[in-house]
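The values are calculated or read from the model by the stated rules, or taken from the named source; none is laboratory data. Since the model is a prediction, treat every value here as computed from it, not as a measurement. Glycine also receives a Cβ, built like all others from the backbone with ideal geometry; neighbour counts cover every protein chain displayed.
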Amino acid sequence: MKIEQASVSQSAAAEFIRSTTDGKLYHLPKIQTLIRNTFGHETIYLQARDAGEVCGVLPLVHMKNPLFGNFIISVPFFNYGGICAQNETIAASLLEHAIAVTKKREAGYLELRHIGRRFADLPGKSHKVAMILDLPQTSEALFTSFKSKLRSQIRKPEKEGLTVRIGKMELLADYYTVFSVNMRDLGTPVYPLKLFVNMLKFFPEDSWIITVYKQAVPIAAGFVVGFGDTMEIPWASSLRQYNRLAGNMLMYWHALKLAIEQGFDKFDFGRSTPDEGTYKFKAQWGAQPLQLNWEYWLANGGELPDLSPKNAKYQAAIKIWQKLPLPLTKIIGPAIVKNIP
């Protein structure tokens, strides 16, 4: 077995990733290209090969800035990453090489975003879960499975005259309008429009935008992407002033219908903190928690890193951000968020 940074063909790596149970979209070499193109970070793609065949991969991204620090992560900006390997021997070799990469770049830590606990001797965080819904064969069967309250919440926006469009690049401007306002209201720097342009360009057959309108005004929107047997919604937003119309309920319902129509077996609502608001929102659809385990190699020991919005030292900045004019957040937000994994 050989571990190397030099890439074999993308198709060979992609074929291996699709063949494994723990392979995710974010293990693909395309995601590394997307991150470099969108954010400008250095990426390192480790591959294990045995007799010339790919048997393991580990995509790494080097993030370095004065405000948030110097670290290696797999994979930033997304919920999943880490090691994808045929067996634990290969996984251990990939980890060893990743630690060497981290040391060479004098980074403070290595973060691996795994689902299962992969390395018992590494410190880790298990504070987040992904919310996964098993899908039936038809949307009718899914709708019937919902409690009456949820069915009423889905019907309400239709009775209010809200409409839905599902598409791709043609809906990007409306999607980004909703997304950028929602991020500002949450006090979070907004991703650049280029991220979503690149997602649509790099995965044209596997990504969609779902937008809900009140007449011609977009009021809720989601970005979904499919891989393997699962459709995921990494980003979803709605405008607070229209909350009473429940546009987000209609958006999620059409996302679920799309997943069934496209032949997916599962729907991934994204990560949440157990028992908090977003967790309960996703649970009402029938989604079940899947434990996420983010594991760390720390160069100098000490405490685990915490770059989350709940970190007390970021609270003042969040409150200021919520009061900024929207056009300003679109200008300076991408320069900040590129450094927040």
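Some points to look at:
- Any hit, region 209-217, residues being under 22 Å from Lys24 (Cβ atoms), in a strand (DSSP E or B) and of a type in the set (S, T, N, Q): no
- Within region 54-93, the set of residues being polar (S, T, N, Q) and within 20 Å of Gly270 (Cα to Cα) comprises Ser74, Asn79.
- Among the residues listed as Val190, Val224, Val197, Val212, the single one being aliphatic (A, V, I, L, M) and either on the phi > 0 side of the Ramachandran plot or surrounded by fewer than 19 Cβ atoms within 10 Å (Cβ to Cβ) (or both): Val197
- Any hit, region 177-190, residues being of a type in the set (Val, Ile, Thr), outside any strand (DSSP E or B) and not assigned by TED's automatic domain parsing to the domain that holds Gly263: no
- Region 1-58, residues that are in contact (Cβ under 8 Å) with a residue 40 or more places away in the chain, closer than 25 Å to Lys194 by Cα and β-branched (Val, Ile, Thr): Ile31, Thr33, Ile35, Thr38, Ile44
- Restricting region 254-280 to residues that are free of Cβ contacts under 8 Å to residues at least 40 places away in the same chain and in a helix (DSSP H, G or I), the residue that is nearest to Ala236 (Cα to Cα): Thr278
- Of all residues in region 135-161 being of a type in the set (A, V, I, L, M) and buried (at least 16 other Cβ atoms within 10 Å of the Cβ), the one that is nearest to Trp285 (Cα to Cα): Leu150
- Checking Asp121, Asp185 one by one, the residue that is over 27 Å from Ile340 (Cβ atoms), surrounded by fewer than 18 Cβ atoms within 10 Å (Cβ to Cβ) and at pLDDT below 95 is Asp121 and no other.
- Residues in region 113-142 that are in contact with a Phe, Trp or Tyr (Cβ under 8 Å, 6 or more places away or on another chain) and more than 21 Å from Pro274 (Cα to Cα): Leu122, Leu135.
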